[in-house]
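Worksheet: one structure, shown below.
The values are calculated or read from the model by the stated rules, or taken from the named source; none is laboratory data. This structure is a prediction, so every number in the text was calculated from the model and none was measured. So basically every Cβ, Gly included, is an ideal-geometry build from the backbone, and we count neighbours across all protein chains shown. We work out accessible area using only protein heavy atoms, side chains counted, and drop any ligands, DNA or RNA first. Shrake-Rupley method; radii C 1.70, N 1.55, O 1.52, S 1.80 Å.
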Amino acid sequence: MAGDWENEAAAIEAAKRAGATYADARVVLTETESWSVSGREVSSPSRSYDFGIGVRVIAGGAWGFAASWEVTEESAAALGKRAVEIARAGAILRSRPVELAPAEALTATYSTPVEIDPFALDADTKREFLLGAAAPMLDVDGVTSANGSLDFRRQTQRLVSSEGAMIRQVIVQSGAGIAAAVGGAVTRSYPTSQGGQFGTGGFEFVRAIDFAGNARRIAEEAVALGKAPECPTGEMDLILDGPEVSLLIHESVGHALELDRVFGSEANFSGTSFATTDKLGKLQYGSKTVNIVSDPTAPGGLATYGYDDEGVRAYRADLIRDGVLVNYLSSRETAQRIGKTSTAAMRADGWGNVPLIRITNVNLSPGEPTLDELIADTKQGIFMSGSTSWSIDDRREGLRMGCEVGRRIEGGKLGEMVKSPGYSGNTLGIWNSCDAVCNKEHWRIWGTANCGKGQPGQNARTGQGAAPARFRRVRIG
Amino acid sequence: MDKEKANEILDKALTLSGADQTEVVAEEEALALTRLAENTIHQNMARTDLQLIVRAVKGGRAGVASRNQAADDAIRQTLAAAMQAAEQDRGEGEFPGLPANQPIVADARPAPAISSPADRAAAFKRLVDAGAAKGIKLAGEYRTALTSTALANSVATRQYAQETYAVLSVTAATDKGGSAYAHAAARYAKDIDAAAMAERVVDRALATEDPIDLPPGEYTVVLEPPAVGQLLLFLGFMGFGARTFARSFMTGKIGERITSEKITIIDDARDPGMVGLPFDYEGVPRQRVPLIEEGIAKGIVCDTGWGKRLGRQSTGHALPATNGFGPYPKSMVMSGGESTLEEMIASSERGLLISHFWYINYANPMRTQITGTTYEGTMLIEGGKRTKGISSMRILQSILDAFSNVEMISKERQLYHQFNSFMLVPALKVSKFTFVPGS
């Protein structure tokens, strides 16, 4: 990325001259490369390059933001001035001036540890890897389509603030996944149903995914599902596979604890939250088994970074301790309103968007049992894998989830396969019914590469640390 | 980006390309957006972005690359990346070739400048002032955009157009659980009537206070245009595009009845009430495509690549080549009926009035079954009158079943915007709409 802070400095100076009481500028370059395979044919890779500058200010007690793909000292200065004009226009509807919780103005750098740079790797290696991951699915009779994808992203960014922060980061993310289908209605995927598993790291991250040990298995399951009976309905015990626990965390904990959402800033689009601040320190969110942290420092997580987009150093923070709500995902502005410091959760989708509070790596702490032990300890229930459908109400309470495959549990043993399994309930009921989480051997930070929030729509990449977990007496079907 | 500047970029790229065939898209968007929450403007922004998308064809293979820069070196780098991608392609079959000699689509409609932050703040202030004294808290979004899109390929196709749109949406909440939702979209910001919207959301928020719970089951519903637009959007995702067609509710159904004969859905970017580019991202003029006509499945939308696979012609519905979604109908128009919203309510002995749905997701795409919840402003209809607010309820509903159970359609239609698509939709009265346990 060309230049060395001059453009950001020009933006900050112009904003200050125009009357900003705070300003920050981010120059961001995002490079992506995506490969896909259908059958045995690997399509041409798609590559993108996205570069620009965004300037955020406080003026007249209100926020303003201006951004452009043109990155020169002149355009940056114009953006700084324009952001102040925008902020002042909005100040006519402001119930209180924006105040920021204190944060150290850091001069710092951070880079994702990368062993094999995916962007420098030759095309043949990537193509052969993807073919090798997906091809075994085609050897299974009855499979009508076998697909796979491979994605890499490198984000190089600089942040400068009027408080003196100067932070440079390079974040590298990789991901891969496969799916087998039988006709139009039945699909099985691996490692997750949401485009695969994603994390920070280089090509070594995707090479560590056990496609060889699972491609044939999921293809066979896809075929078997075509003949499987429908999932039974009624109240029963539920064991969710790790990626499905991850999705449950994402929808019912991660989003629910975004403090901007709690304060209503997404009321018109992404919704609000039942977990209002009067419940902080009191709400029994889950059973005592449920301990959840925000940890953007966790190695390999998709939301692992050094500093958020307000320049706050990433750190691990308890969100739910022994089942009790103890903190939120927060920004400097929202943390100030509850008398805390930011949990370093502010992130923007590239240069052209304002930072919002986004799910970091929101991790459910592992427990003691193995998955086999957990199943053996369950008299009757359903084990579900592969999310297909998810929907939760606008306060993050009532939810309904669907999965690719279920297995009956009878007398502590996995039994018959069932199709179209799903469950529903409400956030507090489900988390308070959680009585066991599997151990570290089963625990991963599952990456979600397509989390949407905000207007204009912003995509964020989040992580949820999870292992298979059991929930008692859940409504199935 | 005016036409002259756009042509400069396109000509430079076509001149520098060493591909057998080359397609260049240059698109600049100026977006301005203000967000409101709890009667406070909490986000206020303007952004200008430019996308240069090159598709290079070499030896029957196509490759795509994009870059949001358009200086000479950026053009060279994007061309090189697209050529490299073409050389690395091992995908299905030969690329069919770029569409040649497409007629130029003139669009004489003026594209005025986007709104100022002061204009947007004033609109929100009008809304807030209408509700604040009555204890109503508002949240909303007001966005305007001006997009300049230019396309040229090496086989004599060249297009240029400017498009503008404005969207204002608002949710209202009271301390007693009252709520409301309103949405307005138009080509020009001057056609957005914030004052009229203020009156509607205030009345609705107050009328829905102290909402009651209803048991799950089948209800007659009156769906306001935004709710209809959401159903249409998901129907489009599930089967109106060529990529999803082969494994969808439309498979094998062309020519058969799939909804009530009252339902006609046509993708038509040229409808006077619609917003949208007059050509697609391959430079093909967008055709008027009947999707469902008087209840009969009629057709799907196509681009060049999917047209070749399916033995069809492009209908001018290609999305940008960087997009993996395939062709999509971004300008669906549902025919209006003869009723008014008030007549639908008056004719309902017991039912629900629904403004909008929340968090719709697929439940069973082959059956067009979706799930989601009712959203702000839902009301109970009793004896032909709106009586009470209703707490959130979860739906589990086949869209085609809902369109088969349509009893009345409003004459008046509203433009609805979501996920970069516009839909011109009426209100519908639908019987046997399914609600399931859990919110």
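For segment B:188-256, a/c is not less than 1.5, where a ≥ b ≥ c are the root eigenvalues of the C-alpha gyration tensor, and a/b does not top b/c. That puts it in the oblate class. Dipole of the protein assembly as shown computed with +1 at Lys/Arg Cβ and -1 at Asp/Glu Cβ about the Cα centre; of B:GLY336, B:ALA133, B:ALA121, farthest Cα towards the positive end is B:ALA133. Pairs of Cα atoms in segment B:24-70 fall into 10 Å distance bins, from 0 up to the last occupied one, in shares of 22, 29, 22, 16, 9, 2 percent. Rounded to two decimals, the Cα-based Rg/Rh of segment B:301-423, with Kirkwood Rh, is 1.05.
Segment B:246-271 and segment B:103-176 have Cα centres lying 30 Å from one another.
Axis angle, to the nearest 10 degrees, between helix B:72-87 and the longest C-alpha principal axis of chain B: 90 degrees. When the C-alpha to C-alpha distance is required to be over 25 Å, the pairs from A:LYS279/B:LYS125; B:LYS137/B:LYS429; B:LYS134/B:LYS432; B:LYS388/B:LYS429; A:LYS16/B:LYS137; A:LYS340/A:LYS440 that qualify are A:LYS279/B:LYS125; B:LYS137/B:LYS429; B:LYS134/B:LYS432; A:LYS16/B:LYS137; A:LYS340/A:LYS440. Evaluating kT/(6 pi eta Rh) at 4 °C and 1.567 mPa s, with the Kirkwood radius of segment A:407-477 over Cα pairs in the Stokes-Einstein relation, gives 86 µm² s⁻¹.
Measuring between their Cα centroids, segment A:311-372 and segment A:10-88 lie 24 Å from each other. Per-residue extension of 0.36 nm, minus the Cα-Cα distance of A:ASP210 and A:ARG316, leaves a gain of 35.3 nm for this segment. Rounded to the nearest 0.05, the FRET efficiency derived from the C-beta distance between B:GLN418 and A:LEU414 at R0 = 41 Å is 0.50. Each listed q (0.06, 0.09, 0.10 Å⁻¹) maps to a log10 I(q)/I(0) for chain B, found by the Debye formula over equal Cα scatterers with no solvent: -0.28, -0.63, -0.76. Projected label points at A:THR341 and B:ARG350, each 7 Å from Cα along the beta carbon direction, are separated by 5.9 nanometres. Note on segment A:405-477: with charges restricted to the Cβ of Lys and Arg (+1) and Asp and Glu (-1), its dipole about the Cα centre is near 40 debye. What the Kirkwood sum gives for the protein assembly as shown is a hydrodynamic radius of 28.3 Å, with every pair of different alpha carbons counted.
Rounded to a whole number, what % of the accessible area of segment B:228-378 do carbon and sulfur atoms account for, probe 1.4 Å? Walk me through the intermediate numbers first.
Working: 2530 of 5300 Å².
Answer for segment B:228-378: carbon and sulfur cover 48 percent of the accessible area.
Residues of segment A:37-73 that bury at least 50 Å² of accessible area once all protein chains are present, compared with their chain alone (1.4 Å probe, heavy atoms only, ligands and nucleic acids left out), are A:GLU41, A:SER44, A:ARG47, A:TYR49, A:TRP69.
For segment B:1-51, the Kirkwood radius over C-alpha pairs fed into Stokes-Einstein at 37 °C and 0.692 mPa s yields D = 238 µm² per second. P(r) tail, chain A: Cα-Cα pairs separated by more than 39 Å, 25% of all pairs. Rounded to the nearest 20, the size of the Cβ-charge dipole of chain B about its Cα centre is 420 debye, with Lys and Arg at +1 and Asp and Glu at -1.
Seen through its C-alpha gyration tensor, with square-root eigenvalues sorted a ≥ b ≥ c, segment A:330-393 comes out prolate because a/c lies at 1.5 or above while a/b is bigger than b/c. Among the residues of A:91-104, the average count of other protein chain beta-carbon atoms within 10 Å of the residue beta-carbon is 3.
For segment A:51-121, the set of GluC sites (Glu not before Pro) satisfying both a DSSP loop assignment and a count of at most 10 other C-beta atoms within 10 Å is given as A:GLU115. Which residues does the label zone of A:ILE92 cover in segment B:35-53, counting backbone N under 17 Å from a point 7 Å along Cα→Cβ? Counting backbone N atoms under 17 Å from the label point, the list is B:35-37, B:39-45. Placing a label point 7 Å from the Cα of A:THR144 along the Cα-to-Cβ direction, the residues of segment B:277-314 whose backbone N falls under 17 Å from that point are B:310.
Can you work out the FRET efficiency for the pair B:ARG288 and B:ALA71, with r the C-beta to C-beta distance and R0 = 41 Å, to the nearest 0.05?
Using R0 = 41 Å, I get an efficiency of 0.55.
Using the Karplus relation 6.51 cos²θ - 1.76 cosθ + 1.60 with θ = phi - 60°, the per-residue 3J(HN,Hα) values for segment B:128-139 come to 5, 4, 5, x, 4, 5, 9, x, 9, 9, 10, 10 Hz, with x marking Gly and Pro.
Taking only C-alpha pairs under 8 Å that are 6+ residues apart, what is the relative contact order of chain B in percent?
Worked out over chain B, it gives 15 percent.
Three principal axis extents of segment A:65-111 based on alpha-carbon atoms, in descending order, are 40, 30, 14 Å.
In this Cβ point-charge picture (+1 for Lys and Arg, -1 for Asp and Glu), chain A has a dipole of about 1100 debye about its Cα centre.
So, in Å, what gap is there between the alpha-carbon centers of segment B:280-316 and segment A:387-406? For segment B:280-316 versus segment A:387-406, the Cα centre distance is 33 Å.
Evaluate E = 1/(1 + (r/R0)^6) for B:LYS176 and B:GLU38, where r is the Cβ-Cβ distance and R0 equals 22 Å; express this FRET efficiency to the nearest 0.05.
According to the calculation, E is roughly 0.85.
Its Cα gyration tensor gives segment B:229-376 an equivalent ellipsoid; the semi-axes, largest first and in whole Å, are 28, 17, 16.
With point charges of +1 on the Cβ of Lys and Arg and -1 on the Cβ of Asp and Glu, referenced to the Cα centre of segment A:89-163, which listed residue (A:THR107, A:GLY148, A:PRO97) lies farthest in the positive direction of the dipole? Comparing the listed Cα positions along the dipole, A:PRO97 ranks first.
Using Cα pairs closer than 8 Å and at least 6 residues apart in sequence, work out the relative contact order for segment A:210-318, in percent.
Details: 60 pairs, mean separation 13.7, N = 109.
Over segment A:210-318, the number comes to 13 percent.
The long axis of helix A:6-17 is offset from the longest Cα principal axis of chain A by roughly 60 degrees. Mean projection of the Cα convex hull over all viewing directions, computed for segment A:25-171: 13.7 nm².
Per residue of peptide B:31-38, the mean number of Cβ atoms on other chains within 10 Å of the residue Cβ is 6.
With all protein chains kept in place, the per residue accessible area of segment B:105-193 amounts to 36 square angstrom at a probe of 1.4 angstrom. Translational diffusion coefficient of segment A:231-339 (Stokes-Einstein, Kirkwood radius from Cα pairs, 4 °C, 1.567 mPa s): 84 µm²/s. Based on C-alpha pairs under 8 angstrom that are at least 6 apart in sequence, segment A:175-220 has a relative contact order of 42 percent.
Using equal-weight Cα scatterers in the Debye expression, the normalised intensity of segment A:22-107 in log10 at q = 0.12, 0.14, 0.21 Å⁻¹ is -0.54, -0.64, -0.99.
Neighbouring Cβ atoms from other chains, within 10 Å of the Cβ of residues in B:58-69, number 4 on average.
Amide hydrogen proximity for A:LEU319: with H placed 1.01 Å from N in the peptide plane, the residues at 5 or more positions away or on another chain lying under 5 Å are A:ILE292, A:VAL293, A:SER294.
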